[in-house]
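Undergrad: To start, I am sharing the structure in question, which I have written as structure tokens.
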Amino acid sequence: MSSAWSIKVRGAVQGVGFRPFVFRLARANTLSGWVLNGEEGVEIFLEGSEHSFDHFLDGLKKDPPPAAQIVAIEVEMCAPAGLSDFTIRESSRGEKPTVRILPDLPVCGACLRELFDSADRRFYYPYINCTECGPRFTVIQSLPYDRPNTTMRAWPLCDACAAEYHDPTNRRFHAQPVACSACGPGYTLQIGGETIAGNEASIQRAAALLREGKIVAVKGLGGYHLACGAKNAAAVAALRERKFRKEKPFALMVRSADIACEFIELNADSEALLKSTERPIVLAPARVSLTGVAPDNDELGVMLPYTPLHHLLFAAGAPEILVMTSANRSSEPIAYEDDEALARLSEIADAFLIGERPIARRVDDSVVRTSAFGPTVLRRARGYAPSAVTEIPSDRPILALGADLKNAITLVVAGQAFVSQHIGDLDYYESRRAFEQTIHDLVAMYEIRWDELVVVYDAHPGYVSTAIAQDLMASEKIAIQHHRAHIASVLAERQQWDKRVIGISFDGTGYGDDGTIWGGEIFTGSVAVGFARVAHLRPAALAGGDAAAQHPVQAAAAFLAQVPGSPNLKAAPFHFPERYESALELIRKDVRTFATTSIGRLFDAVAALLGFTREITFEGQAAMWIENLARRAPLVEPYPFPFEDGELDFRPLLECVAHDRLHGRDRGEIARAFHRSAANGCCKLVDEVDPNCSTDAVVLSGGVFQNELLLAELKSLWADGRRQVLTNQAVPPNDGGISLGQAALAAFRISGEKAARATSASAWAEASFAPLRGAWQE
């Protein structure tokens, strides 16, 4: 007698060949029934013997398709239906979708072999794909993931492609973007008033232009890139000038991993990241200097080809290493629509390699690096977004809007936290437009009603994201303090809601509870209970407020105004410009000054003392500059950076930096000593706040912790294992991870679980930290 089972598989299981995999597995085990795509994932009905079912379930768990990400398998016994065969059914609709959208996947080995096989009917077809590779997020327009809901719906399948699409034994079975040169989109090249049609002709000409030193706008998966030969200094200089990108490093694409090793130093972890299915840009130490590519930087950001088009360009003779940077003017979001690209990039690119397939939404390349505490995502976009990074206990849908810099948003649906692609800085109109598009895109994708949505935003009253939050229709709106969200993001990644931690949140700026500019904050608590601020950097008076982030000497004035006996900083070797004296005058008169505890601005001040006295041209530039100086220096003794009365006191530290610079000490040594001082300061304050190691872990988050050297110093200081140290890994430590932390804190604020735990947790916090807090609050 046969039995029957209903199975629901949740996770990233649509668009990865999961249904044909289930079809083959069921037939191999002589089971009847069906499989289909549902709102929550894949639904399976099986009939047969228990022995066959056990074998099926074992195979389902152990050998799913490579790109699938199974989160849960739910099995229930049910009544047999008397089916005699196993079939693949059409997708079901009913409830709202909660299935995970798969990120875009790089072209697979099987498709690459066909791409360069002159006997194959997809020879040289730049849109070749199958169920194991190709576009997902950048072509999906609505769920479920079926061809009519993608940007490929305008291209009906030819007979040959249709036969593959409907054959469960074929690797292109229900591959939604499947096509060939006979029925699918193609590429053309526009150069001046000339249009070169045909895939092979247009790609060959584009490769020739790249060899000649031209700049080519190339349409990819999530938008256009601006490409040129990375070894061609004149081409790189022209790209910088036309794009108004003064010094920020360019991303590179190399033909193969072997070639990557000629340009960057890869350890096992960074090589694994480079070759991973996410295909991110990997930051690693440079082996060679490429003029103009990464000024004043000892690292290069390198990625491998991930689309068929990239492989075809290299095969056609494009230089083996290309600058492959987002196609935009400085600070604008990446161009992804053809008319927009032609209009915005006409004065930058010499030619346009244009693909006919529309892009559903703009998605940048991701940026990652290895660090002392594991892989760190610095920009989360293609290959990662919009996959769910964790599950947050919330029955209500939550939309967290992030911050205004490096913006990304998080949508929590049925407990799953979907983090969007990197959007950018909301100071710019195009970025704001992309921000609003992304909000409505995700909310519509998951069919969330605005009147049931909880909207979460940064507590900064002047943020663009805060203003937009006020205009959104929502059932409830919650403001979350910036630095608490940083700490919560680390714990949310790991679903550690009750973990009692010391949280160190170091960055450039964030609106504090008292209305001042925070950025050097120490908290205690947990996500479930909340975080109490127990210590911070000694406050300084910052002339011009956030505007000082553009001028390191302006930041220096804020801190050095408190350092007695500072040398003449207008004279050698400092040569501070007049802006420094103007800032000091504002501080003396207490005009247009704002209190700050920002460690990021302290890094800027040290950079100014070491010679970075000009205006920065991209965010974090001065801190990156002194990190590069420090990397070249030997290990040295740290400067004093005392922790007293709940404050890290910067005055002795800066006094030593200024003294050593005045007396000719090597700048690299000073920079290295400063990094060791910052690490020592962190360790001292943790030991002061929690001398008995009663907390469960130390959490590090915020943009300052993108600094790999600082993390390495901290790793060595905590090598004894007394402290568990947690950092961001799934989302960036910078503001790109803020929205995840916002969502987690909001979920517990509205869930009522906070109240249930409050009594015991507050008693623990009071017993542990009240003596210290009383000492410095008096």
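The values are calculated or read from the model by the stated rules, or taken from the named source; none is laboratory data. Note that the structure is predicted; figures quoted are calculated from it, not measured. Cβ: placed from backbone, ideal geometry, glycine included. Neighbour counts: every protein chain shown. All accessible areas refer to the heavy atoms of the entire protein, side chains included, with ligands and DNA or RNA removed. Shrake-Rupley method; radii C 1.70, N 1.55, O 1.52, S 1.80 Å.
Undergrad: Per-residue counts of other Cβ atoms within 10 Å, averaged by peptide: what ranking do you get for 181-194, 606-619, highest first?
TA: Details: 181-194: 16.2, 606-619: 20.8.
The densest-packed peptide leads the list: 606-619, 181-194.
Undergrad: In terms of the ratio Rg/(2.2 N^0.38 Å) built on C-alpha atoms, what value belongs to region 46-149?
TA: Numbers: Rg = 18.0 Å, N = 104, 2.2 N^0.38 = 12.8 Å.
In units of the 2.2 N^0.38 Å rule of thumb, it is 1.40.
Undergrad: What residue among I468, G355, V689 has its Cα farthest toward the positive end of the dipole of the chain, where the charges are +1 on Lys, Arg and -1 on Asp, Glu, each on the Cβ?
TA: In the chain, that residue is G355.
Undergrad: Something else: Using θ = phi - 60° and the Karplus curve 6.51 cos²θ - 1.76 cosθ + 1.60, what whole-Hz ³J(HN,Hα) does each residue of region 236-250 get, with Gly and Pro shown as x?
TA: 5, 5, 5, 5, 4, 5, 6, 8, 6, 10, 5, 9, 4, x, 8
Undergrad: Using bins 10 angstrom wide from zero, how does P(r) for region 74-227 break down, in % of all Cα pairs?
TA: Going from the shortest bin to the longest, the percentages are 9, 31, 32, 17, 7, 3, 1.
Undergrad: Per the helix-only calculation at 222 nm, which mean residue ellipticity applies to the chain, given -39500 (n - 2.57) for every DSSP H run of n ≥ 4 and division by its residues, nearest 500 deg cm²/dmol? If you can, show how the numbers build up before the last one.
TA: Numbers: 22 runs with 257 residues, N = 778.
Value at 222 nm, helices only: -10000 deg cm²/dmol.
Undergrad: For a quick check of understanding: with a 1.4 angstrom probe and all protein chains in place, what accessible area in square angstrom does Y446 have, to the nearest ten?
TA: 0 Å²
Undergrad: Here's another thing I want to ask about it. Can you list which of the trypsin sites (Lys or Arg not before Pro) found in region 398-455 are DSSP loop residues with at most 13 other C-beta atoms within 10 Å? Could you put the intermediate results ahead of the total?
TA: On the way: sites: K406, R432, R433, R449; in loops: K406, R449.
Here the trypsin sites (Lys or Arg not before Pro) that fit, given the DSSP loop and packing criteria, are R449.
Undergrad: Rank-order 735-745, 526-536, 706-716 by packing density, defined as the average count of other C-beta atoms within 10 Å over each peptide's residues, highest first.
TA: Details: 735-745: 31.5, 526-536: 23.2, 706-716: 20.5.
Highest to lowest by the protection proxy: 735-745, 526-536, 706-716.
Undergrad: Using alpha-carbon positions, what is the distance between the centroids of region 615-648 and region 356-419, in Å?
TA: 29 Å
Undergrad: Can you give the FRET efficiency for E391 and C78, using 1/(1 + (r/R0)^6), R0 = 25 Å, r = Cβ-Cβ distance, to the nearest 0.05? Intermediate values should be presented prior to the final figure.
TA: Numbers: r = 26 Å, r/R0 = 1.05.
Here the calculated transfer efficiency is 0.40.
Undergrad: Also, quick follow-up: Quick one: check the C-alpha center-to-center distance for region 108-159 versus region 258-318, whole angstrom.
TA: Using only Cα atoms, the two centres lie 26 Å from each other.
Undergrad: Next question, about the same structure. Please name whichever of I196, S49, I88 sits farthest to the positive end of the charge dipole of the chain, dipole taken about the Cα centre and charges placed at Cβ: Lys and Arg +1, Asp and Glu -1.
TA: I196
Undergrad: Going by alpha carbons, how many degrees (0 to 90, nearest 10) lie between the helix axis of 753-777 and the longest principal axis of the chain?
TA: Rounded to the nearest ten degrees, it is 20.
Undergrad: Taking 0.36 nm per residue of sequence separation and subtracting the Cα-Cα distance, how much length would be gained by fully extending the chain between A234 and K275, in nm to one decimal?
TA: Details: separation 41, 0.36 × 41 = 14.76 nm, distance 3.04 nm.
11.7 nm is the gain from fully extending A234 to K275.
Undergrad: Could you pull out the pairs from K248/K275; K219/K275; K61/K275; K246/K684; K219/K246; K243/K715 whose alpha carbons sit more than 32 Å apart here?
TA: Numbers: K248/K275 25 Å; K219/K275 22 Å; K61/K275 25 Å; K246/K684 39 Å; K219/K246 24 Å; K243/K715 39 Å.
Distance filter (> 32 Å) returns K246/K684; K243/K715.
Undergrad: Right, something else. Just the number: Rg to Rh for region 401-548, Cα atoms, Kirkwood Rh, two decimals. List each step's numbers first, then the result.
TA: Working: Rg = 16.0 Å, Rh = 16.5 Å.
With Rh from the inverse mean 1/r over Cα pairs, Rg/Rh is 0.97.
Undergrad: So what's the gap between the Cα centers of region 191-226 and region 24-63, to the nearest angstrom?
TA: 47 Å
Undergrad: Once amide H atoms are placed 1.01 Å from N in the peptide plane, what residues at a sequence separation of 5 or more from R287, or on another chain, have their amide H within under 5 Å of its amide H?
TA: Distant-sequence amide H within range of R287: I264, E265.
Undergrad: Could you work out how far apart the two model spin labels at A208 and D58 are, taking each label as a point 7 Å from the Cα in the direction of the beta carbon, and quote it in nm?
TA: 6.0 nm
Undergrad: Roughly how many nanometres apart are two label points built 7 Å out from the Cα toward the Cβ at S6 and W450?
TA: The answer from the label model is 3.5 nm.
Undergrad: Kindly write out, for region 393-405 in residue order, the coupling ³J(HN,Hα) from the Karplus curve 6.51 cos²θ - 1.76 cosθ + 1.60 (θ = phi - 60°), rounded to whole Hz, with x marking Gly and Pro.
TA: For region 393-405, the Karplus-derived couplings read x, 8, 7, 9, x, 10, 10, 9, 8, x, 10, 8, 9 Hz, x marking Gly and Pro.
Undergrad: Can I ask one more? Sketch the reach of a paramagnetic label on A571 as a point 7 Å from Cα along Cα-to-Cβ, and name the residues of region 646-666 whose backbone nitrogen lies under 19 Å away.
TA: Only 655-665 fall inside the zone, counting backbone N under 19 Å.
Undergrad: What accessible area per residue comes out for region 204-254, rounded to a whole number of Å², with a 1.4 Å probe? Before the final figure, lay out each step's value.
TA: Values: 1740 Å² over 51 residues.
That works out to 34 Å² per residue.
Undergrad: Return the unpartnered cysteines for the chain, using a Cβ-Cβ cut-off of under 4.7 Å.
TA: C78, C111, C130, C161, C180, C228, C261, C656, C682, C683, C693
Undergrad: Also: For region 686-726, which whole percent of the accessible surface, found with a 1.4 angstrom probe, sits on carbon and sulfur atoms? Spell out each step's value before the answer.
TA: On the way: 660 of 1540 Å².
Looking at region 686-726 in its full context, I get 43 percent from C and S.
Undergrad: May I ask for the Kirkwood hydrodynamic radius of region 364-435, worked out over all distinct Cα pairs and given in angstroms to one decimal?
TA: Values: mean 1/r = 0.0761 Å⁻¹.
About 13.1 Å, per the Kirkwood formula over Cα pairs.
Undergrad: To the nearest 0.05, what FRET efficiency results for A197 and R287 with a Förster distance of 35 Å applied to their C-beta separation? Present the calculation step by step, with values, prior to reporting the outcome.
TA: Working: r = 41 Å, r/R0 = 1.16.
The formula returns an efficiency of 0.30 here.
Undergrad: Treat every Asp and Glu Cβ in the chain as -1 and every Lys and Arg Cβ as +1, leave all other atoms uncharged, and give the resulting dipole magnitude about the Cα centre to the nearest 20 debye.
TA: Roughly 860 debye, rounded to the nearest 20.
Undergrad: In debye, nearest 20: dipole of region 364-441 around its Cα centre with unit charges on the Cβ of K, R (+) and D, E (-)?
TA: Numbers: 8 positive and 10 negative charges, 44 e Å.
That gives region 364-441 a dipole magnitude of about 220 debye.
Undergrad: Relative to the Cα centre, what is the charge dipole magnitude of region 597-694, using +1 at the beta carbon of each Lys and Arg, -1 at the beta carbon of each Asp and Glu, and rounding to the nearest 20 debye? Intermediate results must be reported in sequence, preceding the final value.
TA: Values: 11 positive and 16 negative charges, 118 e Å.
For region 597-694, the charge dipole is close to 560 debye.
Undergrad: Which residues in region 475-508 place their backbone N less than 14 Å from a point set 7 Å from the Cα of S694 along the Cα-to-Cβ direction?
TA: The answer is 500-502, whose backbone nitrogens lie closer than 14 Å to the label point.
Undergrad: A further question on this structure: If each of E581 and D513 carries a label point 7 Å out from its Cα toward its Cβ, how far apart are those two points in nm?
TA: 4.2 nm
Undergrad: Further question: Nearest 0.05, what FRET efficiency do A154 and R24 give at R0 = 35 Å with Cβ-Cβ as r?
TA: Values: r = 31 Å, r/R0 = 0.89.
For R0 = 35 Å, the calculated efficiency reads 0.65.
Undergrad: Could you pull the Cα extents of the chain along its three principal axes, largest to smallest, in whole Å?
TA: 88, 68, 48
Undergrad: OK, next. Calculate, in nm to one decimal, what D471 and H51 gain on full extension: separation in residues at 0.36 nm each, minus their alpha carbon distance. Walk me through the intermediate numbers first.
TA: On the way: separation 420, 0.36 × 420 = 151.20 nm, distance 5.77 nm.
Stretched fully, the D471-H51 segment lengthens by 145.4 nm.
Undergrad: May I pose another question? With θ set to phi - 60°, apply the Karplus curve 6.51 cos²θ - 1.76 cosθ + 1.60 along region 437-446 and write out the HN-Hα couplings as whole Hz, x wherever there is a Gly or Pro.
TA: Going residue by residue, I get 4, 5, 4, 5, 4, 5, 5, 5, 4, 9 Hz, with x marking Gly and Pro.
Undergrad: A further question follows. Carbon and sulfur atoms: what percent of the 1.4 Å accessible area of region 471-575 do they account for? Display every interim value, and only then the final one.
TA: On the way: 1540 of 3060 Å².
Carbon and sulfur atoms account for 50 percent of the accessible area of region 471-575.
Undergrad: Taking just the alpha-carbon atoms of region 1-70, what radius of gyration and Dmax come out, in angstrom?
TA: Answer for region 1-70, Rg first and Dmax second: 11.3, 36 Å.
Undergrad: As an exercise, take the mean of 1/r over every pair of distinct alpha carbons in region 468-614, invert it, and state the Kirkwood radius in angstroms. Provide the component values of the computation, followed by the final result.
TA: Working: mean 1/r = 0.0594 Å⁻¹.
Computed over Cα pairs of region 468-614, the Kirkwood hydrodynamic radius comes out at 16.8 Å.
Undergrad: Over region 1-90, what percent of the accessible surface lies on carbon and sulfur atoms, probe 1.4 Å? Show your work: numbers first, answer last.
TA: Values: 2030 of 4160 Å².
Carbon and sulfur atoms account for 49 percent of the accessible area of region 1-90.
Undergrad: Give the long-range amide H neighbours of Q416: residues separated by 5 or more places, or on another chain, with amide H under 5 Å away, using H modelled in the peptide plane at 1.01 Å from N.
TA: Amide H to amide H, under 5 Å and 5 or more residues apart or across chains, Q416 pairs with I392.
Undergrad: Show the residues, 5+ positions off or on another chain, whose built amide H is closer than 5 Å to the amide H of I409.
TA: S420
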